[in-house]
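**Q** Handing you a structure now.
Each reported figure results from applying straightforward, stated rules to the coordinates on display, with no laboratory input. For clarity, every value in this text was computed on a predicted model and none was experimentally measured. Quick reminder, even Gly has a Cβ in these numbers, built from the backbone with ideal geometry, and neighbours come from all protein chains shown.
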């Protein structure tokens, strides 16, 4: 029997110290990469939500201009009445308008507003379906003043942590400093008014 070959075979492979060094290097790489990947994921979701908010902002501004043009010769505005000025906050989710407020008071979220599942084309809901492609797939809130959109917040659901905003963009998950509430469901007309004031100051 050749003892030299047996002795060589015993020393094949990694030593305990070599294994510990490799595990330490892998641990350091994981400690570095996992937060970076998480930050990338969070920033990607926020950028997507902010982009979605900009699309809704532009769509809603077009709609408000359509209302203003159509009501220019009329005695009353659909939203603002005879004053033809004021504030408007509208919220929606899953392809339906859920809440509306004019000058802070509840406005009927009914068929005239386009709040049902199949709104008439001339209503706010019908116009949103035409101009905003993700109307049925998002939760959103819009604040307008005197036919001018001042602020928009959007998320994939009413309780999503990743809320996008425009024109003042959300920069963090649950960015209550920007949007007032931590989700679209939490946002009130007062929150939207405060958001608009910050965005345009």
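**Q** Kindly provide the set of residues from segment 66-85 that are surrounded by 15 or more Cβ atoms within 10 Å (Cβ to Cβ) and either part of a strand (DSSP E or B) or touching a strand residue (DSSP E or B) at 6+ places or on another chain (Cβ under 6 Å) (or both), ordered by number.
**A** Scanning segment 66-85 gives 71, 77, 79, 84.
**Q** Here is a list of conditions, (1) in contact (Cβ under 8 Å) with a residue 40 or more places away in the chain; (2) in contact with a strand residue (DSSP E or B) (Cβ under 6 Å, 6 or more places away or on another chain), and residue 63 meets all of them except one; can you say which number that is?
**A** Against the list (1) in contact (Cβ under 8 Å) with a residue 40 or more places away in the chain; (2) in contact with a strand residue (DSSP E or B) (Cβ under 6 Å, 6 or more places away or on another chain), residue 63 comes up short only on (2).
**Q** I've got another one for you. Go through segment 34-60 and give me each residue that's over 18 Å from residue 107 (Cβ atoms) and touching a strand residue (DSSP E or B) at 6+ places or on another chain (Cβ under 6 Å).
**A** Going through segment 34-60, the residues over 18 Å from residue 107 (Cβ atoms) turn out to be 34-59.
Listed by number, the residues that qualify are 49, 50, 52, 53, 54, 56, 57.
**Q** Can you tell me which residue within segment 92-118, out of those that are touching a helix residue (DSSP H, G or I) at 6+ places or on another chain (Cβ under 6 Å) and closer than 19 Å to residue 70 by Cα, is surrounded by the most Cβ atoms within 10 Å (Cβ to Cβ)?
**A** 114
**Q** From the list 161, 134, pick out the single residue that is in contact (Cβ under 8 Å) with a residue 60 or more places away in the chain, surrounded by fewer than 20 Cβ atoms within 10 Å (Cβ to Cβ) and out of contact with any strand residue (DSSP E or B) (no Cβ under 7 Å at 6 or more places or on another chain). Walk me through how you get there before you give the answer.
**A** Working: 161 fails: in contact (Cβ under 8 Å) with a residue 60 or more places away in the chain.
Just one listed residue meets the conditions, 134.
**Q** Looking at segment 90-104, can you tell me whether even one residue there is in contact (Cβ under 8 Å) with a residue 60 or more places away in the chain, in contact with a strand residue (DSSP E or B) (Cβ under 9 Å, 6 or more places away or on another chain) and closer than 18 Å to residue 129 by Cα?
**A** Among the residues of segment 90-104, at least one is in contact (Cβ under 8 Å) with a residue 60 or more places away in the chain, in contact with a strand residue (DSSP E or B) (Cβ under 9 Å, 6 or more places away or on another chain) and closer than 18 Å to residue 129 by Cα, which makes the answer yes.
**Q** Name, by its number, the condition in (1) touching a strand residue (DSSP E or B) at 6+ places or on another chain (Cβ under 7 Å); (2) within 25 Å of residue 51 (Cα to Cα) that does not hold for residue 129.
**A** (1)
**Q** Under 14 Å from residue 61 (Cβ atoms) and in contact with a helix residue (DSSP H, G or I) (Cβ under 8 Å, 6 or more places away or on another chain): does that describe residue 165?
**A** Values: under 14 Å from residue 61 (Cβ atoms): no; in contact with a helix residue (DSSP H, G or I) (Cβ under 8 Å, 6 or more places away or on another chain): yes.
Judged against the criteria, residue 165 is not a match.
**Q** Applying the selection to segment 56-109, what residues are within 20 Å of the chain's Cα centre (by Cα) and at positive phi?
**A** Matches in segment 56-109: 94, 95.
**Q** With the requirement that a residue be crowded, with 19+ Cβ neighbours inside 10 Å, farther than 16 Å from residue 88 by Cα and either touching a helix residue (DSSP H, G or I) at 6+ places or on another chain (Cβ under 7 Å) or without any contact (Cβ under 8 Å) to a residue 24 or more places away in the chain (or both), what does segment 179-201 give you?
**A** Residues satisfying the conditions are 179, 180.
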